[in-house]
Amino acid sequence: MKWLNRLDRKIGRFAIPHLMILLSGVMLGIYVWDFLMPEYGITSLLYLDLNLVAQGQVWRLITFLFLPPDTSVLWILFSLYFYCLIGNSLENEWGAFRFNVFYLFGMAGAILAALFTGGVGTNVYLNLSLFLAFAAIYPEFKVMVFFILPIKIKYLALLDLLFLLVMLVLGDWNIRISILMSFLNVLLFFGGDFLRNLKQQAGYWKTRRNFRKYNRR
């Protein structure tokens, strides 16, 4: 991605370092606030609704990124820790600027998905794209499932891909568009490698087929 290298040289200094630590910290703060003072309904002011954006609540284009997972106290601590882990790992691999671009494209995809699906968007698939990117780069990394069972992250990623495939087949068009748009960043960063691998595999099978035909003569 030569264009990304050029952008990095020109504006890379404006990148936000440790982006996922920052976002996770804000998510935790919002979760605690909403847990202790639910009467304020803080999350209702932050979620992405393009109809409300059109009425002047433009902050929603950013603040939907701050919404924490809707889960238990124990699980959210694990989730936010994992966000920090995969975010820092990707940032160490790519650099702060490239990771910012990856997240920015996922954010743009989530907003586009909202545009095509009735105006309401989510950060769920965007955060899942981070997990898949991490699994693509560190497939042998082990995660302690339920804190006792070590499983390589590539297998968890395969389960997530299977889940997404089922949702694409069985879900309505709103879900399908949300998934596809929120994974623009994955296509941008890994689409080229995926196509090259497909070509290599196709070449391998073609060579193997020709070899078998030759041996049958």
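The values are calculated or read from the model by the stated rules, or taken from the named source; none is laboratory data. Bear in mind that the values here come from a model prediction, so they are computed numbers and not experimental data. Cβ placement follows ideal geometry from the backbone for every residue including glycine, while neighbour counts extend to all protein chains displayed. Remember, those area values only see protein heavy atoms, side chains included, never the ligands or the DNA or RNA. Shrake-Rupley method; radii C 1.70, N 1.55, O 1.52, S 1.80 Å.
Computed values, structure above
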read-out: Structure-derived volume of the Cα convex hull per residue in Å³ - corresponding label in [x] 166; [y] 150; [z] 174; value: [z]
read-out: Centroid-to-centroid separation of segment 119-185 and segment 1-63 [C-alpha atoms, Å]; value: 20 Å
read-out: Solvent exposure of the chain as accessible area per residue, Å², 1.4 Å probe; value: 62 Å²
read-out: Selected from 118, 25, 95 as most flexible by GNM, with the chain as the system and alpha-carbon contacts under 10 Å; value: 118
read-out: Partner aspartates and glutamates for residue 2 [C-alpha distance under 20 Å; skip if fewer than 8 residues away on the same chain]; value: 91, 93, 193
read-out: Percent accessible area from carbon and sulfur atoms, the chain, protein chains only, probe 1.4 Å; value: 68 percent
read-out: Qualifying aspartates and glutamates (Cα of each under 16 Å from Cα of residue 152; at least 8 residues distant if same chain); value: 140, 160
read-out: Estimated distance in nm for a label pair at residue 13 and residue 174, the labels positioned 7 Å out from Cα along Cα-to-Cβ; value: 4.6 nm
read-out: Average silhouette area of segment 1-112, convex hull of alpha-carbon atoms, in square nanometres; value: 8.2 nm²
read-out: Mean Kyte hydropathy of 0.5 or more with a Cα span along the axis of at least 27 Å, helices from DSSP in the chain; value: 73-94, 96-116
